[in-house]
Every structure is written in structure tokens, then in C-alpha cells.
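Please read the structure below before turning to the comments.
The values are calculated or read from the model by the stated rules, or taken from the named source; none is laboratory data. Note that the structure is predicted; figures quoted are calculated from it, not measured. Cβ coordinates were reconstructed from backbone atoms using ideal geometry, including for glycine residues, and neighbour counts include every protein chain displayed. The protein model used for the area step is the full one, side chains on, heavy atoms only, and it has no ligands, DNA or RNA in it. Shrake-Rupley method; radii C 1.70, N 1.55, O 1.52, S 1.80 Å.
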Amino acid sequence: MPRLNSPKDLADTRLHIRQICREQHTVSPFIYVGMGTCGIAAGAGEVEQTIQKELSAHQIDAEVIPVGCAGMCAREPLVDIQLAGKPRITYANVKPSEIPEIITEHIINGNILTKKAYAQLPEHRHWLEKKSAAENLPSYHELPFYSKQIRIALKNCGMINPESIDDYISQDGYRALSKAVTGMSQEEIITEIKDSGLRGRGGAGFLTGVKWEFCYLAKGQPKFVICNADEGDPGAFMDRSVLEGDPHSLLEGMTIAGYAIGAQEGYIYCRAEYPLAIERLKKAISQAEQYGLLGSNILGTNFHFNLHIKEGAGAFVCGEETALMASIEGRRGEPRPRPPFPAVSGLWEKPSNVNNVKSYAMTPQIILNGSNWFKGMGTERSTGTAVFALTGNIKNTGLIEVPMGITLREIIYEIGGGIPKKKKFKAVQTGGPLGGCLPETALDTPVDFDSLTAAGATMGSGGMIVVDQDTCMVEFARYFLTFASAESCGKCVPCRLGGQRLLEILTRITQGGGTLDDLEEIQYISENMRAASLCALGQLTPGPVMASLRFFREEYEAHIVDKYCPAGVCKGLYSYEILEIQCRGCGLCIKSCPSGAITGSKKEPHVIDQRKCIQCGACYDVCNLEAITVIPKLETIEEIRTNN
Amino acid sequence: MRKNNPRDNPFAEETIDLKHLEKILDEFKGQKGAIIPVLQRAQYVYGYLPKEVLQAISRKTRVPLTRLYGVATFYAQFRLARRGRHIIRVCDGTACHVRGAPQSIEAIGKAFQIEPGGTTPDYKYTLEIVYCIGSCGLAPMAVVNEKVHANIEPDKIVDELKKLD
Amino acid sequence: MASIKLTINGKSIETHSGQTVLEVAQTAGIYIPTLCYHHALPPEGACRMCLVEIERQRSLQPACTFPATDGLVIHTHSPEVEATRKFILEMLISDHPLDCMTCDAAGDCRLQDLAYEYGVKGGRYQDGFKHSYEVNDPNPFIQVDRNKCILCHLCVRACDHVNGVEAISVFYRGFNAHIGFGADGSLQDSPCEFCGSCVAVCPTAALSPKLASGKGRSWQVEKVDTVCSYCGVGCKLTLNVRDDHIIKVESTWDGPANHGWTCVKGRFGFDYVHHPDRLKKPQVRKYLLDGKKKPKSRNGKLWQWVETDWETAINITAEKLRTTRDKFGPDSIGVLTSAKCTNEENYLMNKLARQALGTNNIDHCARL
């Protein structure tokens, strides 16, 4: 690879790559396979092998391009085919057995396999030959999942080959870096980022430009640029998708930040549980170094910047910036009080700037398109877009990027497609295990930093978990608390001991041993943890409990007073009953029951023997007719009757 | 630093070859704050972090042993006890319990001479008991090296496990 | 250092920058409770007892780490702050043995003092899990009782910053975090040098001197300041004396030579004081006292040591030195002094050797 010694070199290379790509495309079709962690888990590896086999069987000279996650997790594995002069066509939920038919029909015969085709991307690679749109096939922006999305951080995810710097450059990659280091002063970049209103996408929502300015103004050298890629929330994978799907956007963003604040070294702190992301980052760094887009004299300027990867070792608290830096230094990942802020005294007590993956990934776009473009999206105080990992009891699970200010309802019902299996929506948890849950009445809350906080949840890093009627909110809160308290570093008293005591109380309630005083106690501990803990982990640990107690107090009271878990989750606090009118005697439940508690002859309503039932819920899950229902335990009902 | 006492671990000399450390330590020589990558690499080589290895790292890098232990016990990734090559997790949640998980646990224990939570002396198997994997319809069940075994029976699961290398 | 003006509890204070809020408050005589703070060690901000309300700050801030800057308005005892401190103590007490009646630290325990001050009793979370660590560290000097540890990290910092051996660290994390040594073994098997700095800063009885166990508590002892008799550094120590017996050596932080820190000898090596073999009066061999010739046999009575008074002993020594010098010349005598002597004493020995005896043969044991 030649070294790029000027912005002109970069521009020439871009044109050159596009030209080669165009030439190649006239002779060979492009096949894109979604090869993110989620795609691979869904079987993309086997799909890709089958494609290769089929291509060689037919002696087709096609280019198979592995791409990152396009966000439609529910539709993985995804295979896209693009023929010369035609739009890119997406096939979803592709099984290896379907590959021969797709290849024969689409590549050999040149027809879209309509029964399997999912959508088309006519605007993809705008610099390729003009394409005629396929008829009767929706474009991505016409799909409900995509129509409300605007992709900035995820712009290239699922579109380009993350292991090819050329692919990134062909999509205007590193143009922002070139503009920044050769055409803008440090102050101009900081001003641009400040004006854009970009707030840290890690969760706290601090203004990125202001953070950069602090670090720029701080005395002392060397300075460090650090990327927090220690995404540890259960149910969140936004950062992973960027790292796996578009690593160069992170590299470019960090290099721009390095130039702006005057740093020459950068660290990417990535959790070790993301091996694919680490591998792709390493590859991306070495490619950028070969092009001279990292290292000394970037693009022929006097600016030098090197990037290193540091692997985390399994500690959620290292997502806190001071703990993260302690971990890079090789110490226990314990946070320390701020001030001093990292901008003044960070890594090895030198000025350091820590941002989330998405914040850096958005930076090049802001530099390229200007702050006004970014500000034009979102709300006044939360500009731009937000990335969410939409999971839980929702039809279209996946990764989405939406303009700030969109409502939760739009995300859940329009993008997410609502709740599957005709179940009822119960709550949506934002902000991961340190966030909070919101009930149906809050669904019209706009999604932005301030509104979510005011409503009782948080923006967090981007986990969004939707739960339906079958989720017990007490147990849900207990689950997050178990996670958060196990991840407490143990340094400060409120978090170390408060989390444990809170967990004990919640466990007691889910076991039917709670009292109404416990609810006061929860409130008391929670408020004090929030006020007194050293870092955000301790301050936010009680978040899910407080939110669920605020919005679902009646569920807590049912557990305590009636010894009843209305969702049928907490063992021993409910029983199952078969509704005679609904049951058609299909026998599915009898087969599923592990304890032989269900009896009944075919086509007659079945009965559950409560003495044998162990409340495992297997029957409830298999019944298609909603004939099995959750009721309080018989003993409890009798007890209440006798007391009355 | 006190000398390593070989009596602390009867397997020390047979199983732990400190030679492998040299390469790791050379690679990170002079790097600031390289404790965690060194421990990660050492664990990759040895499968866990034996006391001897930590002592050797401490001696050679002059990082106090106490600090190494503080770090190694802080991060979830690090293991201080050796585990078997095959990790057997048997569910003993309510559904599995009533469907006969205890019998399977007992059979596995007898066949390989291990207690729940324990590891066989040849470090082939580690037996762990878990509580509900959320697949009660398949009870009783076990997960062996990430592979799910549904409706297990004492004899069959033992046979299945014996087939592993 | 710029001069700054800030307000604490309505009182205007003029001071200089470069200090923490806690330091400014303490200098101004304003009390802020602390547990994990020690003036001789870097602040940690872990215990959260010193949280104060600072106007225009989003949340309560630890006074021990927050830099004092111009214009701060601070409230150290607002109702919110006081309620939070009470909560902190309730949490600590919920995982702490309530055995103050038999605890050596009673009366000299910061946790006990603060629980008293804030009216915190045990019981509120009595159903909660309490740790029960074994108390069995076999070393001869330091009792390690992790059940009483409040994880203030003072011992960790003392060991790291003062002694530099890093024998103590926190192991594991969260609720299961505890202090540990070496390979999570005993203190003896760690690099510990038993300087006892950790014991000196421990606010409870998690680390306490074994020699003092059961021998008396702070209000039962007389405190006697002294200078350590072991070497020439001149460490200032405070002896805890009960019934004319030293039971413990305590740190005094104003010692000009050692600022409160000391080594294992100064901290724990005081048992010689009450040892039956200790010489309390000068002794001379009987033949010298009797003015006889040196006996040939070393088994006879004349060879035995006999107690005498200082004057006799010194006279005999002087006489012997004089005759030796006169008979064999000054360089037949060598003088060896001790690093355990003070500077002044060594100076005088130097004078004695060179001027009185007339020899340059003088040295001291610190070179050995």
C-alpha cells in the first residue's frame, strides 16, 4: 500500500478505488454477507461457505464481501446481492439450503428471487453506475424498521467490508481527518464539535466539545485520547456493532480528537469478550498505519498519532472513566473521586479525554457535514441521533439509530413492530442495568437525555429492553440489582453495602417474605446510595428498583400483601390454572409438564393437580390458546378467605 | 520476595512449566501498566493463574505479589484455581430436580469421583450445579462445554461424558 | 499559591489555594467527620463520611478530595449531609461485629466514636448477611480481623506510600472485597516487614497489636512520649503504659524524625524492657572490684559479674584504659560506638577517643 502524503493523495486514492470497484463490478456481482457476531451466531458462517461452494460449482466469479451488522438481528443471516447496474437486494433469514436457488435465480438468471427477497438498497454506493430500482420490492427507507432511522454512527455498518480500509475510503472515509488536519485549527475543530451540541453517547451526556476543550486547555504533555469500548450492559451491543462493522470510523474520530486536543497517543479499551471486534480493530489500525493515516506525519503534516488496544478483563465498573484508566495502568479498576477530572489529570496523571465509541464514530460526520447539519437533527438540547440495541419481548429486535426526540412509542411500535405473541406491553427499560423502566403511560416520552431522566429512566449507553405482561417487575429489578451489585468494585461504602442490603430486601420480597416496611427501606437505601456513592455505578445501581417501585408499586404490594406474583415468575407466589372455556384438550401441556401434574382426556378440558405442579411454566409457554392462567397460590387464597 | 515453596502445590512441578512465561514477559518488557495483558496471556497458556506463575511474574517484573493478587481477584476473567478441560453444568432447578437431576448428579459424581464444584484429579472434568437455565420443558438438563443435553438420564449422560477426550 | 476566600457554614475563611476543603475546614477549626482519611496519606474518598454540601455542585462531595477554590460555599452539617452520614454508618455497622465490649480498640475506635456521635446502633439490617472471616493469622505481631475491617484502604496506602512494600491490597470486589496479603495467605508469607504502619492507621481493630491484646484499653493506659532506643534516627514514639508495663507503641504524628512512622523494632520490639535478663545496673567482674589480678580460670568466683554503682564501674574502666594507653600506646585502643547512641553521645565518644585516649581508632556499628 502506498503511503498517503497529502489530502490529494487521499482523494486520488478514493477515486482510484472507486474506479477499480466500478470496473470489477461490471464483470463480477457483489455478494454481501452479514458477518457480525450476531450474524455468525445465526449461522452466517455456514451460509458464507455454502455461497463459496455454490459459486465455484457454477464457476461464477463473484466477490463475496463480509460486512458488519446491519441492525436487523431478527432477520439474520442477511445476504445481499448486487449485480452490475442494479440495486443491492437483501435476502433475510437465509438458510444454507436456500443458497443454490438464490444464486441460480438471481446471479445466473438475473432475476430477483421475489419470494425470498426482503428489501433493496438503490442508493448504496452512489458512485457506482446508475441503477434501475427493482419493482415491487421496498427500499430500506420504506421498511418500518428503517423508515424512522437516520444512520450516522451506523452509517457504514452492514454496508461495507469492515476489514477493508479501501472500502471505508471509497465511502468518503478519512476525508474528515484530511479536512481537519490540513484545513482546520485545533480551536476550529473544538468549536465545530461544541456547536454541533454532540453529547457523550456513553450515558452521562456531557458535551463532547466542552470535554475536548478542557483537555486542550489543560497543561501537561503527553495527552491521551481514550475510547471507552467496555460495553458491559447485558442486552446492549451498539458499540460492538460499530467496532465490528465500521472500525475505521472510530479510528478516524479518535485521530481527529487527538489532533484537536494535542495528543499523540490513544487507547481503545475494549472488553475481552469481543474477540471479533478486537481482531477487526487490530487489522484496521495496521491498515491505517500503512496508509499513513495513523503514525507519524499523518497526511504529510506534522501531526503524529498512534493507537493502542487494551483489552478489559471482565469488570463492568471499568466503563467508568477513572476506573477505566486505572485498568489501563494495570491496577484494580476502582474509580476515584473527581475532581481532578481526567481532562486535567487522567491516564498516568496526564490530561486525558475519554469518550464512548459512538461519540468518536459520529465525529468525522460532524467535521465533514458541519455542526448545523448535526444540529438539524434531534432536539435543541439533545442534538443528532441516538443508537439503541432494541431487545426483549419485541418483534424486530435489532440495532437502531434514531433522531433524538423520537418517542418511545414510535421506537417500540413502529420500528420495533410491537410485542410478539399478542402479549401486552408492560415496560421498557432504558439505560441498561443502571437505567430505569418506564410504563405504558410514559410511552410518549421523547427519547433524549433530559426527557428520559425526567421521566425516571436514563439514556444510558443505548440498551433498550422491552418487556411484556409475563415479566415480574420486582424480579426484573432484582435481576439488574444482582448484576450491578456483583459488579460493584467495593471501594465506597454506599455501593458496597447498600447494594447488598437492597438485594437482600428484594430477594426477600420475591420469595414472599417482604413487609410493607421493606418498601420504605428500599426507598431509604436507594436515595442514600444515589446521594453518597463515589461513582455513577453506585449512584445508579438503585435506578431500576426506584423506577419499578415508582411505576409498579402495586406489583410489589401484591408480592408482600397477597403473596402473589401476578406475572407468574416468582416461585411459590403463584399457581397455574387451566381455563375450562379456553382449553380444547390438545394435550400439549400434558406433554410439556415435567412433573406429570396435568391430566385430562383428548378434546376435554385438562386439569392441573396443584399438589404435583412445580410452577415451572412449561405448560404456560406451550399453550397456544391462552388457556393457562396465573392465579395466586391456593393456600394463599384460602388463608385470605379464612382471615376475612 | 520469599522463595516459592513447592509443597504448596503437589502438582506444581509436574504440570507448570515456567519456561512459557519468559516469552510473555519479554513481549511486554518495559511496557507501562502491562500487568493485565501479562496475566491474560499467562492464563491463556496455563488455563488459569497458578500461584507459582503469579510468584514468578512478581519476581521477574518486580510487581509486588500482593498487587498481582489484588488485580487477579478483581477481574472476572481471571481464575485462580485450575478447572477441568470439560465443564459439566447440571441444572438442579425445581423442574430438573423433580425430574431426576439429583440422580444424574450422583451418577456423574460416582463415575468420575467428583463432588459438585470439584474437578477430577486429572483435570479432565469440572462439575458445576446451576439453578434453572430456563428450559424446564427439556428437564432434566445439562450443559457440557456449551452444548445443551436435554432430558438427561444418569447412565446415558455418564456414557456421553466418557466419550469426551 | 493564590489567596482564596470561601465560606464554610456561614463563616468566611481566607486561605490559600492548593488545599482540600477538609484541610481548610480543619485549619479553621471546623469539624468534619472522617473514616478513610489520614493527614499523612493521600486521600481516597472511599468512606463517604466527609461528604459535604457545596453550593452549585450537582451532588454531595467528599471534603477530603475536593479542592478548595475561591468562592466555594460549603455546608458541613446540613440535614441532608447528616442523614447521609448516618446511613453510611448504618451500612458499616450492618456488616460489623457488635462486640465493642471485648474489643481492644474500644475507646480508640473511629467507627465507635462516630456511631456514638450519630446514634447508630446495630439491628436495622440484622437479617442481612454478615461476613465471618477466620481470625487466625499466625504472625507474632499483628492481629488480623477482617470482620472488623471497614475497607478504608488506610493500611493499603500506608504500606504502599510509607513503607513501599505493598504487602497489603484489597482482594476480590464488591461486597466480598477484603484486605489480603501476598498470595492471599498470611502476613508472614507476604513481603510484610511488620513495621506496623498499617496498625497505626487502622481506625478499628481490624489490624491491631497482638502484644496488647487484652492488656488494657485507651482510657486505662498512661501515654508516655519517648524516643526509640534502637537506632540513631530518633523516632518519636508514644508508649501506652499500664501498671508500669508497656503494652503498646502508638504513633505520634509530630515526631520530627519519623512523623509517626517507625520500623518493626520501634513498633513491636519493646518486650526487652520488662525482660528478666535485662541489665539495669552496671556490672563488673569480681576480680576488678576486689582489685585483684585477672584469674587464670574462668570458672572461679573472681571471674563472675557483680553489680555495682556507676561511679565504681566508670572508675574501673577509666583506670584500665589509662594503664593500657600508658603501657601499650594510644593506638592499642579502639573505640566502637553505636548507631543506637544519639549524635551528641557519638560526638562525645569521638572526643574521648581522639583527645583523651589519643587515638584515631574510632568507628561505629552502623557500618557493619
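General remarks:
- Shown here: segment A:474-561, whose C-alpha atoms stretch 36, 20, 18 Å along the first, second and third principal axes, sorted largest to smallest.
- Occluded residues from segment A:319-339, i.e. those whose accessible area drops by 40 Å² or more once the chain is not alone (1.4 Å probe): A:330, A:332, A:337, A:339
- Shape call, segment C:329-368: gyration tensor on alpha carbons, a/c limit 1.5: oblate
- Cα-derived Rg to Rh of segment A:575-643, Kirkwood definition: 0.99
- Hydrodynamic radius of segment A:173-374 by the Kirkwood approach over all distinct alpha-carbon pairs: 16.5 Å.
- Sorting C:157-165, A:308-316, C:50-58 by average packing, meaning the other beta carbons within 10 Å per residue, from highest down gives A:308-316, C:157-165, C:50-58.
- Charged-residue dipole, Cβ positions (Lys, Arg, Asp, Glu), the protein assembly as shown about Cα centre, Debye nearest 20: 3500
- Applying the criteria of a DSSP loop state and at most 11 other Cβ atoms within 10 Å to the chymotrypsin sites (Phe, Trp or Tyr not before Pro) of segment B:90-135 yields B:131.
- Prolate/oblate/rounded label for chain B (Cα gyration tensor, a/c 1.5): prolate
- In this Cβ point-charge picture (+1 for Lys and Arg, -1 for Asp and Glu), segment B:86-162 has a dipole of about 100 debye about its Cα centre.
- Charge tally in the Cβ shell below 9 Å around residue A:488, where Lys, Arg are +1 and Asp, Glu are -1, residue A:488 excluded: +2
- Diffusion constant of chain A at 4 °C, which comes from Stokes-Einstein with the Kirkwood Cα-pair radius and 1.567 mPa s, µm²/s: 49
- Buried solvent-accessible surface, both chains (B, A), 1.4 Å probe, Å² to nearest 100: 1700
- Size of the B/C contact, given as accessible area buried on both chains, probe 1.4 Å, in Å²: 1200
- Buried accessible surface for the C/A chain pair comes to about 2700 Å², total over both chains, computed with a 1.4 Å probe.
- Considering only alpha-carbon pairs that sit under 8 angstrom and 6 or more positions apart, the relative contact order computed for segment A:491-644 is 21 percent.
- Theoretical ellipticity at 222 nm over chain A - DSSP helices of four or more residues, -39500 (n - 2.57) apiece, nearest 500: -11000 deg cm²/dmol
- Exposure rank, largest accessible area first [C:298, C:267, B:67; 1.4 Å]: C:298, B:67, C:267
- DSSP-assigned coil residues among trypsin sites (Lys or Arg not before Pro) in segment A:573-644, each with at most 16 further Cβ atoms within 10 Å: A:584, A:602, A:603, A:611, A:612
- Axis angle, to the nearest 10 degrees, between helix A:516-532 and the longest C-alpha principal axis of chain A: 20 degrees.
- Inter-centroid distance (Cα atoms) of segment A:138-165 relative to segment A:3-64, Å: 17
- Given R0 = 45 Å, the distance between the Cβ atoms of residue C:193 and residue A:304 translates into a calculated FRET efficiency of 0.50.
- What the protein assembly as shown shows is 44 Å² of accessible area per residue, with the surface traced by a 1.4 Å probe over protein heavy atoms.
- Residues of segment B:86-117 buried by at least 30 Å² on assembly (accessible area, 1.4 Å probe, chain alone as reference): B:94, B:98, B:99
- Relative contact order (percent, whole number), segment C:262-356, Cα cutoff 8 Å, 6+ residue spacing: 18
- Computed lengthening from residue B:150 to residue B:22, 0.36 nm per intervening residue step minus Cα-Cα distance: 41.6 nm
- Net lengthening on full extension, residue A:296/residue A:93 (0.36 nm per residue, minus Cα-Cα): 68.6 nm
- Positive-pole candidate from A:45, A:605, A:169, dipole of chain A, charges at beta carbon: A:169
- Taking all protein chains together and rolling a 1.4 Å probe, residue A:166 ends up with roughly 60 Å² accessible.
- The residues packed around residue A:516, meaning those with a beta-carbon under 11 Å from its beta-carbon, carry a net charge of -4 if Lys and Arg are +1 and Asp and Glu are -1.
- Helical contribution to [θ] at 222 nm, DSSP H n ≥ 4, -39,500 (n - 2.57), averaged over chain C, rounded to 500: -6000 deg cm²/dmol
- Degrees separating the helix A:7-27 axis from the principal Cα axis of chain A, which is the longest one: 70
- Across the options C:317, C:253, C:365, the greatest Cα extent toward the positive end of the charge dipole of segment C:218-368 (unit charges at beta carbon of Lys, Arg, Asp, Glu) belongs to C:317.
- Taking the protein heavy atoms of chain A in the context of the full set of protein chains, the accessible area attributed to carbon and sulfur is 51 percent at 1.4 Å.
- Look at the dipole of the protein assembly as shown built from charges on Cβ: of A:449, A:59, A:227, the Cα furthest out on the positive end belongs to A:227.
- For segment A:575-643, the Cβ-based charge dipole about the Cα centre amounts to some 280 debye (Lys, Arg positive; Asp, Glu negative; other atoms uncharged).
- At least 50 Å² of accessible area lost relative to the chain alone, listed for segment A:490-520 with a 1.4 Å probe: A:491, A:493, A:496, A:497, A:501
- Helix-only CD estimate at 222 nm, as mean residue ellipticity for chain B, using -39500 (n - 2.57) per DSSP H run (n ≥ 4): -12500 deg cm²/dmol
- Electrostatic bookkeeping for residue C:267 treats Lys and Arg as +1 and Asp and Glu as -1; over the other residues with beta carbon under 14 Å from its beta carbon, the sum is +1.
- Segment B:6-74 shape via C-alpha gyration tensor axes, a/c threshold 1.5: prolate
- Relative contact order of segment A:1-130, defined on C-alpha pairs under 8 angstrom at six or more residues apart (%): 26
- For chain C, the convex hull spanned by the alpha carbon atoms encloses 206 Å³ per residue.
- Scalar couplings 3J(HN,Hα) for segment A:342-351, obtained by applying the Karplus form with A = 6.51, B = -1.76, C = 1.60 to θ = phi - 60°, are x, 4, 9, 9, x, 4, 6, 6, 10, x Hz; x denotes Gly and Pro.
- Dividing the radius of gyration of the alpha carbons in the protein assembly as shown by their Kirkwood radius gives 1.05 for Rg/Rh.
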